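Okay, so here's the structure we're looking at.
Read-outs throughout are calculated quantities, based only on the coordinates presented, and are distinct from any laboratory measurement. From a predicted model like this one, the values you see are computed outputs, not experimental measurements. Because the Cβ atoms are built from the backbone with ideal geometry, glycine has one as well, and the counts that use them run over all protein chains shown.
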């Protein structure tokens, strides 16, 4: 018997099962990135509970499986599995669901000024220029900006270049607010 859950029910079940706060946004992320399938029913998105169980069972086994394949010196912290989806797609990284993106924490790990047991040297510092020749949605560009570094991004996709430029552009928030108000008023006239 197939048991279907709403996104809210799925997040509640996953929170209890994983003993972590799993939000509806986290479940939507799993659907959006093909980790679990959505089932449409009369315009509602439903999830097969068995698929959710399989996803979370594999989630807990991943570290063991990767260490068996790659060895015990694998730095599992670099998987960032302990972070919620909302943390790995912080602020501007949520503008568009770009499937090939790196999470900002991974980029930051490699370009920031810390060292640890795995990262023995610092290669970049404030004011440096970093070239990202395949910048995709601009995660490296944003992280460079946050760390006080300059960056140049190149991508063959015009859409990706647009996303990157939107993420790193400077905006006058007063002008932005005024434009939002103008759009809102125009929409009210249409309705």
Listed peptides 5-13, 175-183 by packing density, highest first (mean Cβ within 10 Å): 5-13, 175-183
Order of 135, 144 under a 10 Å beta carbon neighbour criterion, fewest first: 135, 144
Taking Cα pairs under 8 Å and at least six residues apart, what relative contact order does the chain come out at, in percent? 13 percent
Rounded to the nearest 5, what % of DSSP beta bridges with both residues in the chain are antiparallel? 60 percent
